[in-house]
Amino acid sequence: MMESSRCDLRRATVADLDAIMVLETLSPPWSADSWKDEVDHHFVALAGRGEVHGVIAMSLVGSVAEVRRIIVDPSVRRTGIGQSLLSHGMEWAASHGAQEVFLEVSADNHGAIALYASHGFSPVMRRENYYGTDDDAVVYRWLVPGEGQVL
Ligand SMILES: CC(C)(COP(=O)(O)OP(=O)(O)OC[C@H]1O[C@@H](n2cnc3c(N)ncnc32)[C@H](O)[C@@H]1OP(=O)(O)O)[C@@H](O)C(=O)NCCC(=O)NCCS
């Protein structure tokens with residue numbers, strides 16, 4: 001378990017699925033089965049202290065990692081939990097051999113984009129109308145610093 005001043009970070013297990021489903025209120029939400037698959041086969045980390053306040057799901061194939069999901073409980077947003085989870089996911093990816101980390105976000109999701117940009121992610125591709133009419137997706141990438149560079 002990693003600690004920060006705001007929350008504790010730990011890897012999720014299948015015993016955490018109920019808590020994750022409480023966070024999972026987005027549209028279109030992931031099902032409990034999707035999350036079980038995530039916990040079983042990828043990297044899922046939780047943030048909270050006592051309760052679960054946030055979750056991040058990451059995958060890694062070869063040297064390419066992806067932030068597949070990041071959700072923070074609306075009641076505790078803007079308290080630094082999202083950035084703790086994202087940093088934790090980036091560190092996990094870097095320490096497991098990732099050379100680049102991708103994620104996809106709605107072009108309208110200005111809060112998430114601000115979070116990603118502040119962590120070194122840059123836009124590399126726009127998918128027009130990806131989520132529906134006038135709802136574009138933007139793919140962001142973070143290049144993992146090489147040896148001698150600062151993470
Ligand atoms: C995106 C999300 C994970 C951010 O979590 P969070 O815990 O609120 O983020 P943090 O408190 O760590 O914010 C860190 C920084 O990101 C930026 N940021 C985060 N949310 C923001 C918002 N709504 N508006 C503007 N900037 C925002 C700010 O720069 C913030 O720093 P500051 O509070 O000192 O200004 C959260 O809003 C969320 O769960 N949203 C719904 C799910 C979602 O959209 N996930 C991303 C899909 S790709």
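No value in this document is a laboratory result; all are computed from the given coordinates. Keep in mind it's a predicted model, so treat the numbers as computed, not measured. Using ideal geometry, Cβ is built from the backbone for each residue, glycine included, and neighbour counts are taken over all protein chains shown.
List every residue whose amide H lies under 5 Å from the amide H of residue 135, counting only residues 5 or more places away in sequence or on a different chain, with H placed 1.01 Å from N in the peptide plane.
Amide H neighbours of residue 135, under 5 Å, 5+ apart: 129, 130.
Which ³J(HN,Hα) values in Hz, rounded to whole numbers, follow from the phi angles of the range 14-23 under the Karplus curve 6.51 cos²θ - 1.76 cosθ + 1.60, where θ = phi - 60° and Gly and Pro get x?
Going residue by residue, I get 5, 5, 8, 4, 4, 5, 5, 5, 5, 6 Hz, with x marking Gly and Pro.
Taking neighbour Cβ counts within 10 Å as the exposure measure, how do 90, 125, 58, 21 sort from fewest upward?
Starting with the residue having the fewest Cβ neighbours, the order is 125, 21, 90, 58.
What are the residues whose amide H is under 5 Å from the amide H of residue 144, where those residues sit 5 or more places off or on another chain and H is modelled from the backbone?
100, 101
Going by the alpha-carbon gyration tensor, a ≥ b ≥ c the square roots of its eigenvalues, is the range 2-143 rounded (a/c under 1.5) or, if a/c is not under 1.5, prolate (a/b greater than b/c) versus oblate?
The shape class here is rounded.
Could you give the longest part of the chain that holds none of the trypsin sites (Lys or Arg not before Pro) found in DSSP loops with at most 16 neighbouring Cβ atoms within 10 Å? Present the calculation step by step, with values, prior to reporting the outcome.
Numbers: sites that count: 6, 49, 77, 78.
The answer is 79-151.
Rounded to the nearest 20 Debye, what is the dipole magnitude of the range 2-143 about its Cα centre when Lys and Arg each give +1 and Asp and Glu each give -1 at the C-beta?
Around 420 debye, computed over the range 2-143.
What net charge do the residues around residue 28 carry, taking every other residue with its C-beta under 13 Å from that of residue 28, with Lys and Arg at +1 and Asp and Glu at -1? Mind showing how you got there, number by number?
Working: positive: 69; negative: 24, 135.
Result for the local shell: -1.
Identify the GluC sites (Glu not before Pro) of the range 26-88 meeting these criteria: DSSP loop state and at most 16 other C-beta atoms within 10 Å of the C-beta.
51
Could you list which residues have their amide H under 5 Å from that of residue 64, counting only those 5 or more apart in sequence or on another chain, with H placed in the peptide plane?
Those qualifying (amide H under 5 Å, at least 5 residues apart or on another chain) are 99.
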